[in-house]
Amino acid sequence: MRTVIGFIIKFNSLFKNLKIIRYRYINTLNLSLKACEQHGLKAENNRDFSPKLKGVSVGLSSGTSQQRGVFLVSPCEQALWAGYMIAKNITFSFRKKRVALFLRSNSNLYESASGLLIRFRFFDLTKPFDQLIEELEEYNPHILIAPAHVLGVIAQHRADIKPEKMISVAEVLEETVKEQVEARFSCRLGEIYQATEGYIASTCSHGNLHINEDILIVEKEWVDKDDGRFVPIITDLNRHTLPIIRYRLNDILVEETAPCSCGSQFTHLKRIEGREDDMLWLPDSNSAKLTGIFPDLIRRAMYICQTQVSDYRIEQNGKTITIAYDSDDTKQAEKDIATTLAELFSRLNVDKLDIKFSLGIDHDMMKKQRRIACYKKPNCLD
Ligand SMILES: [Zn+2]
């Protein structure tokens, strides 16, 4: 038995897909991946997330990786999650708090957290956005939870609401979006970092992110120890329907070594950098190797770009980088972006690749927004 567990533990941290390949053997209800996926897809299509499979809730992750994440949560795990989430994010009050959730798909998970003192309402992003804004204004939530870019759009719509707290979920929260949303609603914007695999980190009362090390064991696979970048390997202490044991996430986090003023001893994070496949890969100028460019460096370069680029997406496909953008001054914007990136690449000692520009961005609310993504690395021997 020890050998078998050792095998699973060792390989689970190495191969993320093992869970997919051996799904039936890894979940404790002997459910097949196919049955779970069909159940999850049916709920998505019918927009009815209440039916359960063998007594457990099935959810599909909204990730953009080729493998769809399927998570299983029992009523007991659901109650634990709800209690933990509320304790971490909502201060106790005898006044009933209204919580608005803007998500791509609902699940029993969220609505199970409703009770005497808290009401959750799910805002379905498949509906027209103007209608959602109207409903949101009528609901006037105390707490607003939404993906980062949806919060940005709500702020741009100048929705007439007065939230006490806002929380960004499911996407990288960029500093520019954070500032814009906080300024619009005069309210601090926190973060919940939750993956299909678990509730990993949340913002403390002093506005800093901490890993939830009271429910998780997190090992660090260092990407760059000097600047604190690591990939987390997580073990969730509360999950038993679909145990998460030494599970390697596809994200890069950045550790802050200075203690947080809130006094928490849990790992303090500077930020969530993004997914590993958000890194661009360019040929090293001095060797036949590829160098990975962290998305944060690209974001900062775009931030200081001379021309006002209101939004952008950067995608790498082999030797081509495509940049879609929104700007009033297209000619100048393209020139400035090219110059800014050329300066960055030269500083990092990497060769330039072909850059193609396209005006206009697909703002589909149902798509998980990734500002920077690498779909295919170049072959540097070409
Ligand atoms: Zn703190």
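The values are calculated or read from the model by the stated rules, or taken from the named source; none is laboratory data. Note that the structure is predicted; figures quoted are calculated from it, not measured. Reconstructed Cβ throughout: ideal geometry from the backbone, glycine too, with neighbour counts over all protein chains shown. What goes into the accessible areas is simple: the full protein's heavy atoms, side chains included, and nothing from ligands, DNA or RNA. Shrake-Rupley method; radii C 1.70, N 1.55, O 1.52, S 1.80 Å.
Quick rundown of the values:
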| item | result |
| --- | --- |
| Charge dipole (debye, nearest 20) of the chain; +1 at Cβ of Lys and Arg, -1 at Cβ of Asp and Glu | 1380 |
| Charge dipole of the range 301-374 about the Cα centre (unit charges at C-beta), most positive-ward option of Leu341, Cys305, Thr330 | Leu341 |
| Spread of Cα-to-Cα distances over 20 Å intervals beginning at zero, given as percent, for the chain | 25, 58, 16, 0 |
| By accessible area with a 1.4 Å probe, ligands and nucleic acids excluded, highest first: order of Lys335, Lys127 | Lys335, Lys127 |
| Charge dipole magnitude, Cβ of K and R +1, D and E -1 - the range 279-376, Cα centre, debye nearest 20 | 380 |
| Reach of Lys34 by Cα under 19 Å, taken over lysines that are not fewer than 8 positions away in the same chain | Lys16, Lys19, Lys42, Lys52, Lys54 |
| Amide proton proximity set for Arg275, modelled H, under 5 Å, gap of 5+ | Ile252 |
| Extension gain (nm, one decimal) between Asn45 and Glu213, 0.36 nm per residue minus Cα-Cα | 56.9 nm |
| Net dipole in debye of the range 75-276 [+1 Lys, Arg Cβ; -1 Asp, Glu Cβ; about Cα centre; nearest 20] | 660 |
| Accessible surface ranking that places the most exposed of Thr203, Thr257 first, with a 1.4 angstrom probe | Thr257, Thr203 |
| Heavy atoms of Thr91: accessible area, 1.4 Å probe, square angstrom to 10 | 110 |
| Furthest towards positive pole of dipole, Asn208, Ala79, Pro378, structure part the chain, Cβ charges | Ala79 |
| Lys54-Gln308 FRET efficiency (beta carbon distance; Förster radius 30 Å; 0.05 resolution) | 0.05 |
| Net lengthening on full extension, Thr28/Lys376 (0.36 nm per residue, minus Cα-Cα) | 121.7 nm |
| Over the range 279-376: Rg over Rh, Cα atoms, Kirkwood Rh | 0.96 |
| Convex hull of Cα atoms in the range 75-276, direction-averaged projection (nm²) | 11.6 |
| Mean ellipticity per residue at 222 nm, deg cm²/dmol - from DSSP H runs of n ≥ 4 across the chain, formula -39500 (n - 2.57) | -8500 deg cm²/dmol |
| In the range 279-376, lysine pairs closer than 26 Å at Cα, eight or more apart or cross-chain | 22 |
| Gain upon complete extension [Asp326, Ala258; 0.36 nm per residue less C-alpha separation] | 20.7 nm |
